[in-house]
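All remarks here apply to the structure that follows.
Laboratory data are not the source of any read-out in this text; all were calculated from the coordinates shown. Source: prediction; values computed, not measured. Counting neighbours? That spans all protein chains shown, and the Cβs are built from the backbone with ideal geometry, glycine included.
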Amino acid sequence: MRVLVVSQHFWPESFRINDVVVDLTRVGCEVEVLTGQPNYPEGSVFPGYKALSMGRQAYGSGITVHRVPLAARGPGSAVRLAANYLSFIFSASILGPWLLRGRRFDAVFVYGTSPILQAIPAVLLKLLKRARLVIWVQDLWPESLEVTGFVRNRRLLGAVAAVVRWIYRRADLLLVQSEAFIPPVSAMAGGTRVVYHPNPGEAMQEHGAAGDAAPRVPLDEGAFNVVFAGNLGTVQALETVVEAADRLREHPDIRIVLVGGGSRAEWVQQEVSRRRLTNVQLPGKYPSASMPDLMRRASALLVTLSRQPILAQTVPSKLQTYLAGGTPIIASLDGEGARVVVEAGAGLACPAEDAGALASAILRLRDMPAEERARLGTAGRQFFARHYEPLALAERLAAWMRTAASRG
């Protein structure tokens, strides 16, 4: 099975598709990648790369990465971000076919993070390579644009929806990362088949030694450390986290540790200072290699989302990694994500944007006997092994692509 992966983001950027590509080769696929110049999340092109260059490089064992030019996303400007997205679509559509000349593929596979518009070059490559197109939908569009506040104009949202329908209906198979995505994606997909295929946990979570040489995130020894690891953005309901911490200020053993960065990190720091909270820590960004050690040392792992219908349909990508970590989870969110935590028996769930319920969940978990918390962590790891083990999901993904290719 010869597979071309189309993804705007790829190694050395830290995205799950990096591990998925390696796992596909481990289950027998020949994989090549079409991507842009790495610039996420800082917004500037990584050292050793140039925004306007293109070419090939090797990744892993026998994986060829084809890179096209793009405009770096910059420090948060909406105009720069739009230019970043559109420049990849243009470069991958015009220069991608030239980089891939003479190469044959059975399937073109799109890792469909936002924006799903990055699938446009894949539609063209499907036709040029006479391959089958499989798209793995990670976010609902155009709903994600509206929820994040990036676009609110109804006409523009309607135009984006029309393009998304066009993309979906030219795919041979649509995979979705959440079972709750099936109805809305099917409504736009016409006759294209829609199938649930979850995100795997990160492979490094199964091998604790991966973070041995990485910098260690500081935690207060002896405290009950509730750790959030990931993007501190607009949909993470950080107001709820800060309010819960305020309600817990009389419990000096509790720490809420927010590891990462994002558009709301500065606001959180300012709010913590304004409220004079000593139980919230923001150690900053750390490499993914530091996460296994952090999650083993944490008392609990926190995942939060805002109260939005679209977010209730989403399984946050960090959740699978949390389950693999073997530490109890506190899920302050609605819908699919909360269902997974409860079904796994891996921790406690409370409604999104309910600071009182979040504070109560933290206290409840802290007051549990250590043996009961350990049982929650073990249950999470076992649920991960049954549902999100990377190689098993890579085998299933390869099977889906073979099925799509055989229908040609």
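Between Ala370 and Arg216, the simple label model (points 7 Å from Cα in the Cβ direction) yields a spacing of 1.8 nm. The Cα atoms of the range 205-387 define a convex hull whose projected area, averaged across directions, is 9.4 nm².
Extending 7 Å from the Cα toward the beta-carbon at both Ser61 and Arg130 defines two label points whose distance is 3.3 nm.
So for Lys285, Lys126, fewest C-beta neighbours within 10 Å to most, what's the order? Could the numbers behind the result be given before it?
Values: Lys285 13, Lys126 23.
Fewest-to-most Cβ neighbours within 10 Å comes out as Lys285, Lys126.
Restricting attention to the chain, close to 10% of DSSP beta bridges with both partner residues there are antiparallel. Charged neighbours of Arg80, selected by a Cβ distance under 15 Å, balance to 0 (K, R count +1; D, E count -1).
Ordering Pro75, Phe15, Gly48 by the projection of their Cα atoms onto the charge dipole of the range 1-141, which places +1 on the Cβ of Lys and Arg and -1 on the Cβ of Asp and Glu, puts Gly48 at the extreme positive end.
Ignoring lysines fewer than eight residues from Lys50 along the same chain, the ones with Cα atoms less than 27 angstrom from its Cα are Lys285. Among (1) 74, 50, 37; (2) 65, 43, 41; (3) 108, 51, 36, find the value of Cα extents along the principal axes in Å that was calculated from the structure presented, and write down its label. Recomputing Cα extents along the principal axes in Å here gives the entry labelled (2).
Rounded, prolate or oblate: which fits the range 300-372 when a ≥ b ≥ c are the square roots of the eigenvalues of the alpha-carbon gyration tensor, with rounded for a/c under 1.5 and prolate only if a/b beats b/c? Because a/c hits 1.5 or more and a/b fails to exceed b/c, the range 300-372 counts as oblate.
Remark on the range 60-159: hydrodynamic radius 15.0 angstrom, per the Kirkwood mean of 1/r across alpha carbon pairs.
Assuming 0.36 nm per residue, please report the length gained on full extension of the stretch Leu157 to Arg275 beyond their Cα-Cα distance.
Numbers: separation 118, 0.36 × 118 = 42.48 nm, distance 3.83 nm.
This chain segment gains 38.7 nm when fully extended.
Mind checking which of Ala82, Ala119, Ala71 has the largest fluctuation in a GNM of the chain, springs on alpha carbons under 10 Å? Of Ala82, Ala119, Ala71, the most mobile in the Gaussian network model is Ala82.
Suppose only helical runs count, i.e. DSSP H with n ≥ 4. What mean residue ellipticity at 222 nm does that imply for the chain under -39500 (n - 2.57) per run, divided by all residues and rounded to the nearest 500 deg cm²/dmol?
Mean residue ellipticity, 222 nm, calculated: -12000 deg cm²/dmol.
Note: relative contact order over the chain, using C-alpha pairs below 8 Å and six or more positions apart, is 14 percent.
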